[in-house]
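Worksheet: one structure, shown below.
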Amino acid sequence: MRHICLRFVYFCLVIITHSLHSEPFKLGLETIAHEYGKKNNPNHRATRFALITNHTGKDQQGRRTLDLLLNHSLQITCILAPEHGFAGNVPAGQTVTTECDAKTGIPIFSLYKHGTGKTVDKDIYEAIDAFIFDMQEAGMRHYTYLSTLLYTMYAAAEHDKLFVVLDRPNILGNRIEGPLLSMDVAEKKSFIAAAHIPLRHGMTIGELATYFNNHVLEKPLRLEIIKMHGYHRQTTLPSTLAYNLSPNIINKQSCYGYSFLGLLGEVRPFDVGLGTSHPFSTIGLPQDMLTTAAWQQLQTQLHKAGIRTTFCAYEHPRKKTTYRGLHLHIAAIEQIHAFEALLSVFDFFKKRGIEYIFSADFDKAMGTDLVRNYVQGTISRSTLAATLNKALKQFWMQARSSFLYEPWPLITMMR
């Protein structure tokens, strides 16, 4: 009898779980009508919002966040645009200028200047009561939309402004891996090294905001997260969420590739397709640097890691160099250990005599100098693994109170 009862309870749990997961997936933006979009609510109509967004701020039908909020009778006083601008077409590192939205005439102020984030202009604080944040980020700590979130949260806390986040999923899934930001790198105040979180953080934008408010900001702010509906971490996400996040992350494959090729691209002589039609989708070297047999060996190695590849050759339009290499295709990013894949690529080419030249941004983007030291042979793999894995465990224990969805993100330990 007890066995039958347990089976019945299990069956009920399966039915309940399935019914919960069968709810249609909705972004935070698509649920805001229940929270802020009630036209008969005078408090919401009177609140003056600064909208932090760009071209990724849209619903699953492609309608702009700005237009939807205005349709819900929210008062949008101004728009604050991150790196790449409101339209997402400003090249990486270039200053974003002030403009107006052509459709509504609402002013757009820049949050990015001279290659780094900039503070909100003081006169804006007097014109607003609250911030709303809605942007799709790429799942990696060095992606600057995440830095924009943290910087504007600091500003909101300093000026006692409400901060509302319209939650969006993590395109890279629920894996947490790679180095945390070290103190020596953090002291250099780089916009690509703004947050003391893992390289691949595995969290939604709302969870990140919750974590920042609980553990990073010295003065917590009034934070409201508009959660997604029908979302769990195994939800099949629309591919459109990853389209054109920025000029070099143009689709889901370039977003997936960015999880480790974003770092490899900071090391010469590698080319990862920037400035071509396949950014962050290629591992290339000048055509005579590696034999065909060696590329075949790398292809086999990556295939074992879950990354399918095809041979490619291309003329780089800006570098005026012919490259040979592999074009990558990742089917299931949640199954890929991106940091391990990066280390394996470094190990592979080092054994074949390729000499590395690291950019000044490599340690900043990586969050530590330990990875470069390992690649250059000054520390052992076991030392690197022990340091990284300890920090990951500590982060997860601290961050778990900020997780908003099940199942919780998983730590991927370095082996």
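Observations on the structure shown:
- Members of segment 63-97 found to be in contact with a helix residue (DSSP H, G or I) (Cβ under 8 Å, 6 or more places away or on another chain), over 17 Å from THR31 (Cβ atoms) and not in a loop (DSSP other than H, G, I, E, B), listed by number: GLN75, ILE76, THR77, CYS78, ILE79, LEU80
- Number of positions in segment 112-133 that are in a loop (DSSP other than H, G, I, E, B), modelled with pLDDT under 95 and open to solvent by less than 60 Å² (accessible area, probe 1.4 Å): 3
- Residue match in segment 152-163 (condition: more than 19 Å from ASP123 (Cα to Cα), open to solvent by less than 10 Å² (accessible area, probe 1.4 Å) and either free of Cβ contacts under 8 Å to residues at least 60 places away in the same chain or touching a helix residue (DSSP H, G or I) at 6+ places or on another chain (Cβ under 6 Å) (or both)): no
- For segment 290-313, the criterion of a residue being open to solvent by less than 80 Å² (accessible area, probe 1.4 Å), at pLDDT 95 or above, more than 18 Å from LEU343 (Cα to Cα) and part of a loop (DSSP other than H, G, I, E, B) is satisfied by at least one position.
- Helices (runs of 4 or more DSSP H) (entirely within segment 328-405) containing at least 2 residues that are charged (D, E, K, R) and in contact (Cβ under 8 Å) with a residue 40 or more places away in the chain: 362-366
For (1) open to solvent by less than 10 Å² (accessible area, probe 1.4 Å); (2) at pLDDT 95 or above; (3) out of contact with any Gly (no Cβ under 6 Å at 6 or more places or on another chain), each residue gets a yes or a no:
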| site | (1), (2), (3) |
| --- | --- |
| GLU207 | yes, yes, yes |
| VAL216 | no, yes, yes |
| GLU224 | no, yes, yes |
| HIS232 | no, no, yes |
| THR236 | no, no, yes |
| ILE249 | yes, yes, yes |
| TYR258 | no, yes, yes |
| GLY265 | no, yes, yes |
| LEU274 | no, yes, yes |
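- Number of positions in segment 385-405 that are under 19 Å from the mean Cα position of the chain (by Cα) and loosely packed, with under 13 Cβ neighbours inside 10 Å: 1
- Hits in segment 322-358 (condition: in contact with a Phe, Trp or Tyr (Cβ under 9 Å, 6 or more places away or on another chain) and aromatic (Phe, Trp, Tyr)): TYR323, PHE339, PHE346, PHE349, TYR356
- Any pair with Cβ under 9 angstrom, 6 or more apart, that starts in segment 275-296 at a residue that is more than 17 Å from LYS252 (Cβ to Cβ) and ends at one that is open to solvent by 20 Å² or more (accessible area, probe 1.4 Å) and among the small types (Gly, Ala, Ser): GLY284/ALA313; GLN287/ALA313
- Residue tally, condition out of contact with any strand residue (DSSP E or B) (no Cβ under 7 Å at 6 or more places or on another chain) and over 14 Å from ARG168 (Cβ atoms), over segment 196-221: 9
- Restricting segment 164-189 to residues that are open to solvent by 20 Å² or more (accessible area, probe 1.4 Å), aliphatic (A, V, I, L, M) and at pLDDT below 95 leaves a set whose member that is nearest to GLY117 (Cα to Cα) is ALA186.
- Meets criteria (of a type outside the set (D, E, K, R), within 21 Å of TYR145 (Cα to Cα) and either at pLDDT 90 or above or open to solvent by 30 Å² or more (accessible area, probe 1.4 Å) (or both)) for PHE49: yes
The values are calculated or read from the model by the stated rules, or taken from the named source; none is laboratory data. Source: prediction; values computed, not measured. Backbone-built Cβ (ideal geometry, glycine too); neighbour counts: all protein chains shown. These accessible areas exclude ligands, DNA and RNA; they are computed on the full protein's heavy atoms, side chains included. Shrake-Rupley method; radii C 1.70, N 1.55, O 1.52, S 1.80 Å.
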